[in-house]
Amino acid sequence: MSDPTGDSPTDPSPPSAAAPVTEAPAAPPDPTELLKSKSYLQLLVLAAVIGVPVSAVAYGYLALVSKLQHWVFQSLPQGLGFHGTPVWWPGPILLAGVLVSLTITYFPGNSGHEPALGFQTGGAPLPIELPGVILASLVTLSLGVVLGPEAPLIAIGGGLGALAVKLAAKDAPPMAATVMAAAGSFAAISTLLGSPILGAFLLMEAAGLGGPILGLVLVPGLLAAGVGTLIFIGLDNLTGLGTFSLAIPGLPVFSHPTVALLLWAVAMGVVATLIGTAIHLGGLAAQSLVLKHRLVWTPVAGLAVAGVVIAFVEITGKGAQNILFSGQDALPGLVLQASTWTVGALVVLIIAKSIAYSVSLSAFRGGPIFPAMFVGGAIGAAAAHLPGMVLVPAVAMGIGATTTVMLRLPLTSTLLAVLLFASDGLSVTPLVIVAVVVAYVLTARMPQKPSDLRRAPATAVPTPAPSVPPAAAGAG
């Protein structure tokens, strides 16, 4: 007789195993409790300590770059008997291509981020990778390649911060290394930008930090940057090498925006998007060649940059420093002496600097911020000749919009443009915001890589066979 429950008493199969119990994921640590913990206080102390050597290293790095640039392009040609720097002297950029390609190829790591891929902050380099980062960027910047020092400084500061944690406590949790790497980067970049606040905005926006974790990382970083700024000022007083500041002194006063300037802000956003996108895509296209044969194409890239510099000097009669280097030191002179430039010379400057910048992105090691600011400043100086346009807001809008296209960081780009014009910052802010927003929105709609420019082949639409009338179908 069958069992009414449907189970056979002689069924040899074992009873079904109970469903496994899935454990609930561990709740993330409470930021408030972490903030009160003893370990977090220890992190703050370590962050303050780290700010001292990192800022000293950053100061020394920037001072060394400045000394080497002066020696290569001024002292050395004079020492060789030339009266001034020869037109063909930018040839050392070719040497930069050889040395940088060798460093990237044979040193541990990748000697830093690929600048053609955009501004990046993630992942502090390992201690064994720091020599390659320092050497490749030092050669790049010293020999005139069109990149800036911000990306190497962030990598060096982050690497030193992570190294300090390992030396202090080998069993430290990964979170501690992350926080200290961020603190080191804060301290290093603040020495360059001249402001702990601007450095904090740059790193937070680039890293996408937000929510409760933001405060945990921000406070040690600000502390390291603040202490580092004090060390930076002290080193300046001791050495007399000068400070690094973004503000341009002696600018004409700009009172208030107008409706015409507001309309021009939209146009500036569009123009900056087109030029910035061309620079970005050109860098990616050239990078695809460099990655195949770096030892061959990096020197070729250096030779191309040198050729652009020589052509610019011959066409315009202006100095090679307008194309060479990042543009950080040349930008104030361009703005303050904009009246000495013709529109044609400014157009040539924009084209030449953009080409040299794009090629430099493809093969060398450095940051994209200051070349983007210089290109934007040149766009603004040229636009200042238009009816209803004024120099100060035109340059501010050009810098904000172009930096937005190249960095994809609208908040930081706005702050960079506003702080550059310290005395007129509040007056130009609404115009800069409009130009930045237009550039940011349009950039998202532009091609993001060279392959996007190739149109997909049109799909042939099959032509339906003509329908046969019923009468015809029945005939025959």
Subject >> Per-residue SASA entry for His280, accessible area with 1.4 Å probe, Å² rounded to 10 >> reply: 30 Å²
**OP:** Run down the lysines and flag those whose C-alpha is under 20 Å from the C-alpha of Lys353, throwing out any fewer than 8 positions away in its chain.
**Re:** Lys318
**OP:** Starting from the coordinates of the alpha-carbon atoms of the stretch 258-402, obtain the Kirkwood hydrodynamic radius over all distinct pairs and give the value in Å to one decimal.
**Re:** 15.5 Å
Subject >> Residue-level accessible surface for Trp88, protein heavy atoms, 1.4 Å, Å² >> reply: 150 Å²
Original post:
Pairs Lys292/Lys449; Lys36/Lys166; Lys38/Lys170; Lys36/Lys170; Lys38/Lys166; Lys166/Lys292: which are spaced more than 28 Å apart, C-alpha to C-alpha?
Top reply: Lys166/Lys292
**OP:** Using a 1.4 Å probe and ignoring any ligands, DNA or RNA, find the accessible area of Leu324 and quote it in Å² to the nearest 10.
**Re:** 10 Å²
**OP:** Quickly work out the Arg454-to-Leu68 label distance, labels modelled 7 Å from Cα along the C-beta direction, and quote it in nm with one decimal.
**Re:** 3.8 nm
Subject >> Residue list for the stretch 280-314, given a label point 7 angstrom along the Cα-to-Cβ vector of Gln337 and an amide N cut-off under 16 Å >> reply: 313-314
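The values are calculated or read from the model by the stated rules, or taken from the named source; none is laboratory data. Keep in mind that what you see is a predicted model, and the values were worked out from it rather than measured. Reconstructed Cβ throughout: ideal geometry from the backbone, glycine too, with neighbour counts over all protein chains shown. Surface areas here come from the heavy atoms of the whole protein model, side chains and all, with no ligands, DNA or RNA. Shrake-Rupley method; radii C 1.70, N 1.55, O 1.52, S 1.80 Å.
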